[in-house]
1. Scan Asn41, Asn55, Asn74, Asn107 and give me the residue that is without any contact (Cβ under 8 Å) to a residue 60 or more places away in the chain, among the polar types (S, T, N, Q) and under 30 Å from Leu163 (Cβ atoms).
2. Confirm whether Gly88 is assigned to a loop (DSSP other than H, G, I, E, B) and surrounded by 23 or more Cβ atoms within 10 Å (Cβ to Cβ).
3. Output the number of residues of region 13-64 satisfying the condition of being over 15 Å from Leu86 (Cα atoms), polar (S, T, N, Q) and assigned to a helix (DSSP H, G or I).
4. Tell me the strands (runs of 3 or more DSSP E) entirely within region 100-177 that contain at least 2 residues that are out of contact with any Gly (no Cβ under 9 Å at 6 or more places or on another chain).
5. From the list Val11, Val56, Val38, Val47, exactly one residue is among the β-branched types (Val, Ile, Thr) and in contact with a Gly (Cβ under 6 Å, 6 or more places away or on another chain). Which is it?
6. Quick one: which residue in Glu21, Glu52, Glu34 is of a type in the set (D, E, K, R), more than 21 Å from Lys104 (Cβ to Cβ), assigned by TED's automatic domain parsing to the domain that holds Ala87 and under 17 Å from the mean Cα position of the chain (by Cα)?
7. Pick from Ile72, Ile98, Ile93: which is over 27 Å from Arg174 (Cβ atoms), surrounded by 14 or more Cβ atoms within 10 Å (Cβ to Cβ), modelled with pLDDT under 95 and not hydroxyl-bearing (Ser, Thr, Tyr)?
8. Test of understanding: among Lys119, Lys151, Lys104, which residue is under 15 Å from the mean Cα position of the chain (by Cα), charged (D, E, K, R) and modelled with pLDDT under 95?
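The values are calculated or read from the model by the stated rules, or taken from the named source; none is laboratory data. Given the structure is predicted, the values throughout are model-derived calculations rather than measurements. With ideal geometry, Cβ positions are generated from the backbone for all residues, glycine too; neighbour counts draw on all protein chains shown.
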Amino acid sequence: MPDKIKIRLAVFASGSGSNAEKLISYFRDHPVIEVALVVSNRPDAYVLKRAERLNVSSVVISPAEWRNPDVIKNIFTQNKIDGIVLAGYLLLIPGYFIRMYPDKILNIHPALLPEYGGKGMYGMHVHRAVIKSGSPKSGITIHLVNEAYDKGRIVFQKSLNILPGETPEGLAKRVQELEHRYYPDVVERYFSQ
């Protein structure tokens, strides 16, 4: 009797890919879910080296290719992708793709949405804005993706207190620790239901 077919996820990342690596490792021997594909919009993104080292297929999809739904549909159909996990992916996902994967695209944001979200709010831009605002808390938000940056339904949030004298760099490190700790578990629970 053949093994049960696993839920195949594609992880999207534009940069280093530390969250992508955590997800790949977490699901390496998982009975139900696997990371089957890494997608980047940048051919020089370090996440592609991580994928290669971890024996996960990868593809670079340029902004021009995203404008061709037939090309995109072919890539994801050939790879039998069931769900999408964004892990530091900096392009807006096209509406047709969201309709291909309704309620099956998760994103992680390095702040407590709805604050500090939207176009241009990523990476250190977010942490600088949080510190500058004087907010007592920051954290992570995991949400579904819709056609507007950081506006999809929130699935999970975890906060941390801003420390006295905290720098954006220090906050970034602590927020990333939350990402690495909680994202794989939330992805697992979401796609296993």
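1. Working: Asn41 fails: under 30 Å from Leu163 (Cβ atoms); Asn55 fails: under 30 Å from Leu163 (Cβ atoms); Asn74 fails: under 30 Å from Leu163 (Cβ atoms).
Answer to the selection: Asn107.
2. Working: assigned to a loop (DSSP other than H, G, I, E, B): yes; surrounded by 23 or more Cβ atoms within 10 Å (Cβ to Cβ): yes.
Yes.
3. 1
4. Details: elements: 105-109, 137-144, 154-161.
Fully inside region 100-177 and qualifying: 137-144, 154-161.
5. Numbers: Val11 fails: in contact with a Gly (Cβ under 6 Å, 6 or more places away or on another chain); Val56 fails: in contact with a Gly (Cβ under 6 Å, 6 or more places away or on another chain); Val38 fails: in contact with a Gly (Cβ under 6 Å, 6 or more places away or on another chain).
Answer to the check: Val47.
6. Values: Glu52 fails: under 17 Å from the mean Cα position of the chain (by Cα); Glu34 fails: more than 21 Å from Lys104 (Cβ to Cβ).
Of Glu21, Glu52, Glu34, the one residue that is of a type in the set (D, E, K, R), more than 21 Å from Lys104 (Cβ to Cβ), assigned by TED's automatic domain parsing to the domain that holds Ala87 and under 17 Å from the mean Cα position of the chain (by Cα) is Glu21.
7. On the way: Ile72 fails: modelled with pLDDT under 95; Ile98 fails: modelled with pLDDT under 95.
Just one listed residue meets the conditions, Ile93.
8. Working: Lys119 fails: under 15 Å from the mean Cα position of the chain (by Cα); Lys104 fails: modelled with pLDDT under 95.
Within the list Lys119, Lys151, Lys104, the selection yields Lys151.
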